[in-house]
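Notes for the one structure printed next.
The values are calculated or read from the model by the stated rules, or taken from the named source; none is laboratory data. No experiment lies behind these values; they were computed from the predicted model shown. Positions of Cβ are backbone-derived with ideal geometry, glycine not excepted, and every protein chain shown enters the neighbour counts.
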Amino acid sequence: MSTQTPFFGKRPAESLAPRPSQAPVQNPIHPPVQHLPSTAVPAPNGAPTKEGGSKLTVGPNIKLKGVEITDCDTLVVEGTVEATMDSRVMHITEIGAFKGSAEIDYAEIHGEFNGDLTVRDKLVIYATGRVSGKIRYGKVVIEEGGQLMGDIQFGATQKARELPPARVGVLTAA
């Protein structure tokens, strides 16, 4: 009679032995995260954020629609977001798009924003960025090729009645 290990039986003792350790495989697309020893961790824009601050990342091919985003220190948009939000930092990547209204301190736009945008401190639009709608800002930086279109006004922290009359048009960095 032949001896055969049962298909659903227990494994032999040697197969339960620990496997030899292997060096971790380095992923060239997502390098390992290095934690900084200080209490400030740089945000995607280089502006410091509190360590442990709340961060929401909407990944590529993700669609987030019809929501209100609050109590979020940093929003990173790699997919599509249709929302209303009040945050500290917004970072829209080249493949990201935001539609809706946002009141934030700092915005870094590589992709597309369409809607009402109030940036209390600084709005940065990169060469691949397109911002359209009703825009209010404290400071603005537009890289060559970046687009800013719509009702654009300086003075995001001022009340609406103190602002000069709205100008509608297209502003493109040359």
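Structure summary
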quantity	calculated
Segment 83-111 residues that are of a type in the set (D, E, K, R), paired with ones that are not in a strand (DSSP E or B) (beta carbon under 7 Å, 6 or more apart)	Glu94/His110; Glu94/Gly111; Glu94/Thr128; Glu108/Pro44; Glu108/Asn45
Hey, Met90 surrounded by 10 or more Cβ atoms within 10 Å (Cβ to Cβ) and at pLDDT 95 or above or not	yes
Test: residue in segment 160-169 that is of a type in the set (A, V, I, L, M, F, W, C) and either at pLDDT 95 or above or surrounded by 17 or more Cβ atoms within 10 Å (Cβ to Cβ) (or both)	no
Test: Leu64 is under 15 Å from the mean Cα position of the chain (by Cα), over 21 Å from Gly155 (Cα atoms) and in a strand (DSSP E or B)	yes
In segment 91-128, the residues that are out of contact with any Lys or Arg (no Cβ under 6 Å at 6 or more places or on another chain) and closer than 17 Å to Ile62 by Cα	His91, Ile92, Thr93, Glu94, Ile95, Gly96, Ala97, Phe98, Lys99, Gly100, Gly111, Phe113
Number of the exception - Gly150 against (1) at pLDDT below 95; (2) assigned to a loop (DSSP other than H, G, I, E, B); (3) surrounded by 15 or more Cβ atoms within 10 Å (Cβ to Cβ)	(2)
